[in-house]
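S.K.: For reference, the structure I am asking about is given below.
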Amino acid sequence: MVEFDDSKQERKYEQLRQEEEELAIQALSQKYGIPYIDLSTVPMSVDALALIPEVAAREAKIAAFNRLNKNIDVAFHEPDSEPVQKIITSLEAQGLIVAPHLTSTKSLNFAWDRYKDMAFTSESKKGMLDVSGDEIVSFIKNVHGSEDVKKYIEETMKLKKAFRTSRIVEVLLASALATKSSDIHIEPEETSVRMRMRLDGILTDVARFDAETYRLLLSRLKLLSGLKLNVAKEAQDGRFSINMESGDIEIRTSILPGQYGESIVMRILNPDAIAASIDVLGMRPELLAAIEHEIAKPNGMILTTGPTGSGKTTTLYAFLKRVHNSEVKILTIEDPIEYHLQGIVQTQVDAEKNYTFSTGLRAALRQDPDIIMVGEIRDKETAEIAIHAALTGHLVFSTLHTNSAAGAFTRLIDLDLNPRILGSAINLSLAQRLVRKLCTTCRQESPLTETEKATVKRILADVSKPEMIASVQRVNGWKAGPGCAECGGDGYKGRIGVFEAVRLDEAVEKAVEENPSERDIKKAAAPQGFLSMAQDAVVKVLEGSTTFEEIARVVDIS
């Protein structure tokens with residue numbers, strides 16, 4: 001009895017159909033004078049692919065596959081198709097110069113499959129509503145400090161209920177932008193609701209609400225953020241944006257159920273917050289020169305370490321802005337995308353869709369990038385892929401949650417990475433904290449106490465290159481002034497970084513391989529001459545940048 005393999009026969013028929021289609025497309029190419037292309041043989045550009053939404057691309061049977069400045073290459077199956085012509089017209093309306101190509105269905109399916117890698121290259125608009133920036137701009141002009149914020153909120157509370165809710169949202173957001181606060185916290189308590197703002201890393205009490213105002217405000221913010229009004233027992237996350245003349249400012253909203261009601265935190269992602277260049281972060285000249293040298297290299301890894309809120313993201317963005325130019329491709333994997341940078345491909349992890357740092361990093365390597373930023377190394381898989389990328393011709397920036405620069409190596413070894421390859425892959429490890437800066441207008445010199453003098457002497461005694469700090473050998477410290485118009489009455493204005501670094505030289509590499517303890521790595525790195533974090537913090541006090549009380553809050557100087 002003869003048995004027929006239907007599946008094998010079907011595969012053969014499918015192969016013949018595809019070959020016939022390729023021949024037909026090539027014939028049409030000659031007829032229309034449009035070049036034929038096989039998309040499976042060319043690299044796909046995420047910049048191009050993202051220009052046409054996946055649903056629209058599949059419906060019109062079209063794909064954008066390459067982009068160079070304003071020149072865009074597109075491929076389609078049916079040249080006379082109305083949807084194709086509409087998309088091309090839309091692209092041209094954006095100022096793009098479209099180069100058309102004919103291709104087969106098989107080729108298009110190959111291109112469309114790449115959308116799963118690119119699913120997070122542009123920010124989702126789901127749950128976003130626009131808030132007019134006109135009223136907010138007028139508030140910002142008149143708000144100079146926390147006292148002004150309190151005054152405006154108290155005035156708003158006196159308004160009638162119909163006007164109060166929208167107005168208070170505008171006042172809160174305008175106040176946060178005017179004072180450059182990073183977060184707004186609204187926390188219901190037993191008898192009232194407390195509102196605080198995080199200014200220069202410090203939470204400051206601003207106002208208290210009654211329960212009725214809180215309920216109206218909660219409903220308004222849920223509507224703005226695209227959250228469910230009828231859900232009160234589950235955590236929710238949403239977002240909305242403020243349209244300003246200088247650009248959109250995104251607000252991330254987090255709602256968390258608590259004992260007396262839902263706690264609200266609004267995080268303000270203001271692009272101005274990362275406008276600082278690398279040379280104004282607070283690094284000493286020796287460290288800045290070393291970092292400039294390392295980020296100019298074509299490959300290797302630079303790690304930035306520190307706890308949440310220590311400014312790691314700002315530092316990484318400063319690195320990206322310094323190395324960005326039209327000759328390199330930069331791709332980031334972040335959680336979430338906090339700020340959008342022009343000309344850089346940014347992707348966002350999504351655990352629900354199994355798009356993690358490791359899967360995103362794999363996809364990124366297929367995009368032929370020169371420089372990659374991995375928002376955070378959290379596990380062995382991500383660490384291995386990042387190290388491999390650094391060893392294979394890519395410059396990699398990333399972060400780790402460790403307390404010191406030397407601790408980055410022990411952390412990676414804890415993740416079961418081979419110590420012998422770390423020396424070849426890592427260029428430099430940087431640790432940092434943020435301290436509030438004294439207002440230069442009203443700060444005051446203050447004699448050091450005997451205890452503070454002893455602390456200065458003890459910490460600076462171990463500086464391996466005393467000539468680096470010769471200009472700050474003094475006995476006076478500084479304290480916050482009474483406050484002025486410049487600092488809004490706070491005595492502090494802005495923040496500055498406190499840093500330490502370990503560069504991979506022969507001695508450090510040997511220590512990592514043989515005695516991978518934090519103490520041994522620090523000892524091996526001592527001749528490099530970089531100040532420790534405690535030393536850098538003390539020097540900043542003596543220079544008048546901050547105070548002993550401030551550095552003791554974030555740096556161990558005991």
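S.K.: If a residue has to be more than 23 Å from residue 517 (Cα to Cα) and in a loop (DSSP other than H, G, I, E, B) to count, how many in segment 357-397 make the cut?
M.R.: Summing the residues that are more than 23 Å from residue 517 (Cα to Cα) and in a loop (DSSP other than H, G, I, E, B) in segment 357-397 gives 9.
S.K.: Which residue pairs have Cβ atoms under 6 Å apart, sit 6 or more places apart or on different chains, and have a first residue in segment 336-348 that is farther than 15 Å from residue 322 by Cβ and a second that is among the aliphatic types (A, V, I, L, M)?
M.R.: So the pair list comes out as 338/269; 339/274; 345/46; 345/331; 346/337; 347/333; 348/337.
S.K.: Looking at the structure I just gave you, is residue 535 surrounded by 15 or more Cβ atoms within 10 Å (Cβ to Cβ), polar (S, T, N, Q) and more than 27 Å from residue 419 (Cα to Cα)?
M.R.: For residue 535, the condition - surrounded by 15 or more Cβ atoms within 10 Å (Cβ to Cβ), polar (S, T, N, Q) and more than 27 Å from residue 419 (Cα to Cα) - is met.
S.K.: Would you confirm whether or not segment 18-39 contains a residue that is open to solvent by 80 Å² or more (accessible area, probe 1.4 Å), out of contact with any helix residue (DSSP H, G or I) (no Cβ under 6 Å at 6 or more places or on another chain) and at pLDDT below 75?
M.R.: No.
Results for (1) open to solvent by less than 10 Å² (accessible area, probe 1.4 Å); (2) in contact with a strand residue (DSSP E or B) (Cβ under 7 Å, 6 or more places away or on another chain); (3) within 17 Å of residue 344 (Cβ to Cβ); (4) hydroxyl-bearing (Ser, Thr, Tyr), shown as yes or no for each residue.
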position	(1), (2), (3), (4)
286	no, no, no, no
292	no, no, no, no
313	no, no, yes, yes
318	yes, no, yes, no
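S.K.: Which pairs do you get when a residue that is touching a residue at least 12 places away in the same chain (Cβ under 8 Å), found in segment 503-521, comes within reach of a residue that is part of a loop (DSSP other than H, G, I, E, B) and hydroxyl-bearing (Ser, Thr, Tyr), reach meaning Cβ atoms under 8 angstrom, with the pair 6+ apart or on two chains?
M.R.: Qualifying pairs under 8 Å: 518/404.
S.K.: Another question about this same structure. Of all residues in segment 349-389 being in contact (Cβ under 8 Å) with a residue 40 or more places away in the chain and under 20 Å from residue 238 (Cα atoms), which is nearest to the chain's Cα centre (by Cα)?
M.R.: Here the answer is 349.
S.K.: Name the residue that is nearest to residue 185 (Cα to Cα), counting only residues in segment 233-257 that are of a type in the set (Gly, Ala, Ser) and open to solvent by less than 50 Å² (accessible area, probe 1.4 Å).
M.R.: 254
S.K.: Limited to segment 336-358, what total is found for residues that are farther than 22 Å from residue 69 by Cα and buried (at least 18 other Cβ atoms within 10 Å of the Cβ)?
M.R.: 8
S.K.: A further question on this structure: Out of segment 545-558, which residues are among the aliphatic types (A, V, I, L, M) and buried (at least 17 other Cβ atoms within 10 Å of the Cβ)?
M.R.: Residues satisfying the conditions are 551, 554, 555, 557.
S.K.: Among (1) open to solvent by less than 30 Å² (accessible area, probe 1.4 Å); (2) closer than 30 Å to residue 299 by Cβ; (3) aliphatic (A, V, I, L, M); (4) more than 27 Å from the chain's Cα centre (by Cα), where does residue 542 come up short?
M.R.: All conditions pass for residue 542, except number (2).
S.K.: Separate question: Pairs, please: C-beta under 6 Å, at least 6 apart or cross-chain, first residue in contact (Cβ under 8 Å) with a residue 40 or more places away in the chain and under 16 Å from residue 26 (Cα atoms) and in segment 72-88, second open to solvent by 30 Å² or more (accessible area, probe 1.4 Å) and assigned to a loop (DSSP other than H, G, I, E, B)?
M.R.: 77/61
S.K.: OK, next. Can you pull out every residue in segment 178-195 that is open to solvent by 20 Å² or more (accessible area, probe 1.4 Å) and within 12 Å of residue 267 (Cα to Cα)?
M.R.: Result: 180, 182, 183, 185.
The values are calculated or read from the model by the stated rules, or taken from the named source; none is laboratory data. What you see is a predicted model, and the numbers here were worked out from it, not measured in a lab. Virtual Cβ from ideal backbone geometry, glycine too; neighbours counted across all protein chains shown. Surface accessibility is based on the protein's heavy atoms, side chains included, excluding ligands, DNA and RNA. Shrake-Rupley method; radii C 1.70, N 1.55, O 1.52, S 1.80 Å.
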